[in-house]
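Below: the structure, in structure tokens.
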Amino acid sequence: MTIPKAHSVALAGDTIYVRGGTHELGATITLSKSGTSAEMYHLIAYPGERPLLDFSSMATSSTNRGIRVSGSYWRLYGLDVQGAGDNGMNMSGSNNIVEYCSFFENRDSGVQLDNGASSNHFINSDSYFNTDPLFENADGFAPKLTVGSGNRFTGCRAWQNADDGWDGYLRGTNDVTTTLDQCWSFMNGYLKDGTPSLPNGDGNGFKMGGSDDKLLRHNMVLIRCLAFDNRVKGFDQNNNRGSMSLINCTSYGNGTNYSIPGPIDSGMVATLTNCAVFGSTGTIMDSATLSTNSWMSPFVVTSSDFASFDTTGMRGPRNPDGSLPRLPFMRLADGSDLIDAGTSVSLPFFGTGIDIGSFEFDPSTFVASSGDIPDYFAVLQNYPNPFNPGTAISYQLSAVS
């Protein structure tokens, strides 16, 4: 049974299992039905298996999405989506959950939320190597244009996308809110082979907003997020006129680490609390509310404050439960004066207070600082291989509208 056929007969509360192996697909899979909070639809990997939905045979076209989620109350789990002619996933529905999925080598953004998509939650998912023909639109995760409010990303990674890791650029909607928690964005603005996505790729880690007229508000909340080695900017206001709240974020090795120069609309606020940087901070508007950030007095940050600057494994396999790998990169070293030095926020911590930066120092697992700072970075193709070896399942699906 194909996924469209299973969709046609499924009832709210049903689960559609997808077997492991490579499924070669030539048409969009559309999930248009809507469940309820008590009876969601489920499209998930068969237990113990990892299916790859390969849309590489599609032509490059703005209508050739891999999965289109126009319905609401769906849960998708454990799926890999490759090679779509446009977005790997395009979501316009609401109250959907996407967990432990990956989107890569699609010909526009790996994931795009628009047309009012609201209150969706992406958990422990990756989006990488997405490249459009002109290198100007393909982001990792794109809650942009006509997106709705209340969308969340938790534990997600975006890397080596032609344009940005996350892109919140608006067109046709205003005053929406998006929340990111424990997300990593790195090496965006570079292609899979490591070459820059010039001349059009923006190369930002977290683009927090922007609009054609530079007047729209995308209220962004970023908690414990990490930006590193992005070609242009780590955290980018991009003329966003909405509120921006950065809590316990870390930026390192980007063209510019923090670019939040203002202005914002009356009544909006820019807040940076317990954030860290190693290297030049960048530009932050004078009206921003700043609390215990690493570049502020009395802190003097040196390489010895961090356990490691080695990025090995940051794009590597996730833990069996889908959570992010625990690695020493940009974690605080034992003895750093950034430990327990933060302003109290509603986040868990060890010790007498919360730390500064994305990662809370855990005395039971700390790594001593090497003090070594890399002189350059190189693209090492140790990215996760989502392919589950198996027999290719080849079939052509009729387009579903």
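Every read-out reported here was derived from the displayed coordinates using simple, explicitly stated rules and does not represent laboratory data. None of the values given here were measured: they were computed from a predicted structure. In this analysis, Cβ positions are derived from the backbone assuming ideal geometry, glycine residues included, and neighbour counts consider all displayed protein chains.
Just a few scattered comments:
- With the charge dipole of the chain set up from +1 on Lys and Arg Cβ and -1 on Asp and Glu Cβ about the Cα centre, the Cα lying farthest toward the positive end among the listed residues Met40, Leu11, Thr146 is that of Leu11.
- In this calculation the C-beta distance from Ser119 to Thr312 is compared with R0 = 30 Å, giving a FRET efficiency of 0.25.
- Taking a ≥ b ≥ c as the square roots of the Cα gyration tensor eigenvalues, the range 13-117 comes out oblate, since a/c reaches at least 1.5 and a/b does not exceed b/c.
- When the Cα gyration tensor is reduced to axis lengths a ≥ b ≥ c, the ratio a/c is 1.5 or higher for the range 107-204, and with a/b not above b/c it is classed as oblate.
- Relative to the compact-globule estimate of 2.2 N^0.38 Å, the Cα radius of gyration of the chain comes out at 0.96.
- Using alpha carbons only: equivalent-ellipsoid semi-axes of the range 121-273, gyration tensor based, whole Å: 22, 16, 15
- Taking Cα centre as origin and charging only the Cβ of basic (Lys, Arg, +1) and acidic (Asp, Glu, -1) residues, the dipole magnitude of the chain rounds to 860 debye.
- Paramagnetic label zone (point 7 Å from Cα along Cα-to-C-beta, Ser297; backbone N under 17 Å) in the range 335-356: none
- Modelled spin-label separation between Ser364 and Asn174, with each label point placed 7 Å from Cα along the Cα-to-Cβ direction: 5.1 nm.
- Computed as a quarter of the hull surface, the mean projected area of the alpha carbon convex hull for the range 190-244 stands at 4.4 nm².
- Only lysine pairs 8 or more places apart, or on different chains, with alpha-carbon atoms under 22 angstrom apart are counted in the chain, and they number 8.
- Efficiency of FRET from Cβ geometry, Asn319 and Leu290, R₀ 45 Å, rounded to 0.05: 0.85
- Overall form of the range 153-229 per C-alpha gyration tensor (a/c, 1.5; a/b vs b/c): oblate
- Column: log10 I(q)/I(0), Debye, Cα scatterers of the range 294-358, q = 0.16, 0.17, 0.20, 0.22 Å⁻¹: -0.64, -0.71, -0.90, -1.00
- Label point distance in nm, Leu11-Val269, each placed 7 Å from Cα along Cα→Cβ: 5.0 nm
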